Amino acid sequence: MVNISNIIETHKQEDTKCRQRKLSCVDKIEDHLKIKVDITDKPSNVLNKSDHKDQHHIEKMTNTNDFIGEFLGPIGKWQIRTILLIYLCKIPSSWFMSCIIFTAVTPQEGEIFCRPPMENMSHYINDWIKVAHPVKGKRTDSELIIDFCNVYEDAMKNPEVITEEFNATNKYEKFENISRTRRLVPCAFFEHRPAYTSIITQFDLYCSREVLVAVTQFFHLFGVLCGGIITTNMMKYIEPRQCMLIGMITQIICGNLTGWVNIFELHMFFRCLSAVCCGLMYTAGGLIFTDITDGKYKVIAICMFEQFWSIGIMLLPAVASYWSSFSYLYMAISFPTVILICLYPWIPNSPRWLLKHGRIEETKQVLLEAARINGKTDFSISSLEKQLQIQAAEYSKPVKEPSYWEMWRGQIRNLLAVHLAWSMYIIIYYGFLLNIRNFGREYLEENTIVCGVCEITGTFIGLWLIMTTHRKWLYAGIFNFIASFISLGAHLIPSDVSLFQRMILLMITSMVSKIAISTTLSILMTCTTEIVSPDKRRLCGYTSTIWTRIWLLSAPFVGATSIFGQIVPQTFLSVLNLVGSIATTFIQTPRTIENKPSKEFYPKEIPIPDIWLSSFKQFEK
């Protein structure tokens, strides 16, 4: 017998489900209409707190036709292998940038002195150094600091008489009191007996010519600036992978020539060319690994790119310790690039670059290789070719590139703050690294390794802030604000401490700032382009990089201010850090990695009608 009540109950349940489906469809239509209204009514580059979700909706809509990204996935074994191989390019690049720490070591006493006017004074040479040069101060009770840039005029005219007088008294203190009234003249010709042949001894970069050490570093940084511009324009016609190979080969040639030329002008010229070659390698490599990753893995890959720069800095002292000449050191940092050339066959090309230039077959081969290594099998070759043709047709459509001034529209405050922060922090970053030359030659290797460790620590802190909070800029600014005052604490170091204790205290005060600066730089490198809408991000990244490298040209000259005092460069860098920290706190961008809250309001075991959760859905939106 048919149970009528059961049939009626069944119809009621089906009717309820139908109404629920209609309501959910209406909700979805309203959501889409809201998104469209927001997109048309609001500028896409306005990133107020209430517009963060709209921005992510826009990004999702712009990437809906990205077949290559969907095919490769966010990360896989193929991408990880490619990223690690490209990361290796940062190591020789950091060597060429930081080698000035070891190729221009300050000569120690006894390694340099003013050449005596007579040649037969070799047996009096130690006495000549004490007699001819004035004393600047005392390191210890038994060790004096001698000024090798100046010499007493009477010692140059009558060296033997003055030396014999000195030997006769046999009391340096008495002779020093007499010499205070003597006339000083600058030394014209130097004699050196260095334990390490540096560019200072090779090209006589002493005293008034000491600023030329900073000039050599300036030409390297100028090459870094030119390298980025040249690579960006080359990649309009030459594939990124070939740009990397050109950079590897030319870097080996130019690096060796930098160490072996015996003319100072040629040395600076080849330093500049070596930097251009390094720029070819890591600029083209950066384009490749950002094209084959997506989501949070792209963020991690960009942020961790600087870790291998710091690893290179940590390895540099080990490389430099084996050689007694700067010429051999340049060979030592140039030839390891041969290893990268051997690994070059495993570095793929950018599939998007190939597809944008109509090279569909090569793009297909790159994707098939990626699918083979990643274990992807849910596709057919015919559908792959068809999708690539569709994607190539979309890439071939003319796209109006936004102008530079359009990028600033609606984001003047953010972009001003980020440009100011970039200009400050890039000077401070390299300024603190090069400033360790002023802390003494005895522990130069150890101090360089400590710098690398601090940079790695700061980068990990920056990545943690990027991944966990939307207040990353505020926290980074506060961190640098505190660190700058710790760095200024170098003025409180007592004058009566030993040289070793002074070096330790100077390193502690400066390395706290080094960690804070590395934290902020990792955020700047990863999140600067979040300020603008997706269609302006490539332009924003390019222009901010050029702006940064222009300001980087001034970094070597900060260390040259040590002629006014040992802690003058650190003081100047700390003041810049204060300005940069204030600018950083004014930057506002959306959270880099959006949290995806669970949509389960009740356990799955309890069937709850959607209409009961309508208020929860509105709250979630």
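More than 21 Å apart: what percent of Cα pairs in segment 490-560 qualify? Write down the numbers at each step before the final one.
On the way: 1264 of 2485 pairs.
Roughly 51 percent, rounded to a whole number.
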From most to least accessible, 1.4 Å probe, no ligand or DNA/RNA atoms counted, 335, 102 line up as 335, 102
Residue 188 and residue 135 label points (each 7 Å along its Cα→Cβ direction) are spaced in nm at 2.9
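Write down, largest first, the equivalent ellipsoid semi-axes of segment 295-400 in whole Å, where each equals the square root of 5 times an eigenvalue of the alpha-carbon gyration tensor. Mind dumping the intermediate values first?
Values: eigenvalues 329, 49, 47 Å².
After scaling each eigenvalue by five and taking roots: 41, 16, 15 Å.
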For segment 351-442, would you read off the P(r) tail past 15 Å as a percentage of all alpha carbon pairs?
76
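Leaving ligands, DNA and RNA out of it, rank 190, 289 by accessible area with a 1.4 Å probe, largest first. The partial results should precede the final answer.
Working: 190 35, 289 5 Å².
Result, largest first: 190, 289.
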Just how much of residue 507 is accessible, in Å², when a 1.4 Å probe is used and the result is rounded to the nearest 10?
10
Rounded to whole Å, √(5λ) for the Cα gyration tensor eigenvalues of segment 247-324, largest first, gives 30, 17, 8
Each residue of segment 301-307 in turn: what ³J(HN,Hα) in whole Hz from Karplus with 6.51, -1.76, 1.60 and θ = phi - 60°, glycine and Pro shown as x?
5, 5, 5, 7, 4, 6, 5
Label residue 209 and residue 368 with points 7 Å out from Cα along Cα→Cβ: what is the distance between them in nm?
6.2
Through the Karplus equation 6.51 cos²θ - 1.76 cosθ + 1.60, θ set to phi - 60°, convert the phi angles of segment 546-563 into ³J(HN,Hα) values in whole Hz; use x for Gly and Pro.
4, 4, 5, 6, 5, 5, 4, 4, 8, 4, x, 7, 5, x, 5, 6, 5, 5
Which entries in the list 90/356; 77/356; 77/376 go over 19 Å, if you measure between the two C-alpha atoms of each?
90/356; 77/356
Amide H contacts under 5 Å for residue 112, restricted to residues at least 5 apart in sequence or on another chain and with H modeled in the peptide plane, are 193
Residue 183: accessible area at probe 1.4 Å, nearest 10 Å²?
150
Using label points projected 7 Å from each Cα along Cα→Cβ, tell me how many nm separate residue 501 and residue 469, to one decimal.
3.7
Keeping all protein chains in place, calculate the accessible area per residue for segment 311-360 (probe 1.4 angstrom), answer in Å².
43
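Over all directions, what mean area does the Cα convex hull of segment 184-302 project, stated in square nanometres? Please list the in-between numbers first.
On the way: hull surface 41.9 nm².
Over all viewing directions, segment 184-302 projects a mean Cα-hull area of 10.5 nm².
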Give the span of segment 388-438's Cα atoms along each principal axis, as three whole-Å numbers ordered largest to smallest.
59, 30, 12
If contacts are Cα pairs under 8 angstrom and at least 6 residues apart, what is the relative contact order of segment 249-406 in percent?
24
HN-Hα couplings for segment 566-576 via Karplus (6.51, -1.76, 1.60; θ = phi - 60°), in whole Hz with x for Gly/Pro, come out as 5, 9, 4, x, 5, 5, 4, 5, 5, 5, 4
Going by accessible area, probe 1.4 Å, with all protein chains left in place, what is the ranking of 338, 215, 131, largest first?
338, 215, 131
Would you kindly find the accessible area of residue 572, with a 1.4 Å probe and non-protein molecules such as ligands, DNA and RNA excluded, rounding to the nearest 10 Å²?
110
Under 5 Å between amide hydrogens, which residues at least 5 positions from residue 350 or on another chain qualify, with H placed 1.01 Å from N in the peptide plane?
241
Under-5 Å amide H pairs with residue 150, H placed in peptide plane, nonlocal only:
187
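The values are calculated or read from the model by the stated rules, or taken from the named source; none is laboratory data. No experiment lies behind these values; they were computed from the predicted model shown. Virtual Cβ from ideal backbone geometry, glycine too; neighbours counted across all protein chains shown. Protein only, heavy atoms only, side chains kept; ligands, DNA and RNA dropped before computing areas. Shrake-Rupley method; radii C 1.70, N 1.55, O 1.52, S 1.80 Å.
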